[in-house]
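The values are calculated or read from the model by the stated rules, or taken from the named source; none is laboratory data. The shown structure was predicted, so the numbers you read here are calculated from the model rather than taken from an experiment. No Cβ is skipped: glycine too gets one built from the backbone with ideal geometry, and neighbour counts run over all protein chains shown. These area figures cover heavy atoms from the full protein model, side chains too; ligands, DNA and RNA do not enter into them. Shrake-Rupley method; radii C 1.70, N 1.55, O 1.52, S 1.80 Å.
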Amino acid sequence: MKASDPHKPLVGKRRTRAHVLADLGVNFVEAAFLRAGCSLQRITSDYGLDLLVVTHDSQGYVQPGWLAVQVKSTEAASPNRRGEIPVLTDNRDVTYWLRQHYPVLLILYDHARRAAFGIDVHSYFSGAPREIKRYHSVCIPAANRLTQRLVRKWMAAKAIIVREAMEVAS
């Protein structure tokens, strides 16, 4: 088709269902962290992270460090026989996440259930030798539903890392 053909419209970029799901997923995850008293920033350049979460103490003061979040979205998650939801991840992302000092959270948004499930990537890969391959199937337990309780657990893990770093520095 020629650009000068007056009888055929030019076709531009199209917003796909995958784009819609991705935006809904990030929005859902943002809301969960906001309800838990956190603040956050979206990362617009896609290099394997979507959000940086800043935590606050009970009086609202900013705490050191952050939680990094990668959100994946699906129309409907399908847990396996072990009650885990497999999420295909690129090895380059996993390598990048494991090089981060603070926790990196992989969260899967399930649009059909209007729910999300997540894991701390460092904990998931700790102790087990990682096979070098292009993609990893990271299995998130369906019991790890994104709730304020799970967010607080991740905040506590980050606080331990900060405390240990401060002890080493002093």
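Of the set (1) within 26 Å of Leu98 (Cα to Cα); (2) charged (D, E, K, R); (3) outside any helix (DSSP H, G or I), all apply to Asp23 but (3). Set side by side, the residues Gln59, Gln41 differ, and just one is farther than 14 Å from Gln148 by Cα and part of a loop (DSSP other than H, G, I, E, B), which is Gln59.
Filtering region 20-46 to residues that are in contact (Cβ under 8 Å) with a residue 12 or more places away in the chain, open to solvent by 60 Å² or more (accessible area, probe 1.4 Å) and within 12 Å of the chain's Cα centre (by Cα) leaves only Arg42.
Quick grid of which residues meet (1) in contact (Cβ under 8 Å) with a residue 60 or more places away in the chain; (2) touching a Gly at 6+ places or on another chain (Cβ under 9 Å); (3) not acidic (Asp, Glu):
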{"position": "Pro86", "(1), (2), (3)": "no, no, yes"}
{"position": "Asp90", "(1), (2), (3)": "no, yes, no"}
{"position": "Leu105", "(1), (2), (3)": "no, yes, yes"}
{"position": "Gly127", "(1), (2), (3)": "no, no, yes"}
{"position": "Lys133", "(1), (2), (3)": "no, no, yes"}
{"position": "Ile140", "(1), (2), (3)": "no, yes, yes"}
{"position": "Asn144", "(1), (2), (3)": "no, yes, yes"}
{"position": "Ala157", "(1), (2), (3)": "no, no, yes"}
{"position": "Val168", "(1), (2), (3)": "no, no, yes"}
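For region 159-170, the candidate set comprises residues that are modelled with pLDDT of 90 or more and charged (D, E, K, R); within that set, the residue that is least open to solvent (accessible area, probe 1.4 Å) is Glu164. Within region 129-158, if we keep just the residues that are polar (S, T, N, Q) and surrounded by fewer than 16 Cβ atoms within 10 Å (Cβ to Cβ), the residue that is modelled with the lowest pLDDT turns out to be Ser137. The set of residues in region 123-170 that are touching a helix residue (DSSP H, G or I) at 6+ places or on another chain (Cβ under 7 Å) and not β-branched (Val, Ile, Thr) comprises Phe125, Lys133, Arg134, Tyr135, His136, Asn144, Leu146, Gln148. Scanning region 70-87 for residues that are within 13 Å of the chain's Cα centre (by Cα) and of a type in the set (A, V, I, L, M, F, W, C), we see that the one that is farthest from Ala116 (Cα to Cα) is Val87.
Residue by residue through region 51-64, note down the ones that are crowded, with 21+ Cβ neighbours inside 10 Å and under 21 Å from Tyr109 (Cα atoms). The answer is Leu51, Val53.
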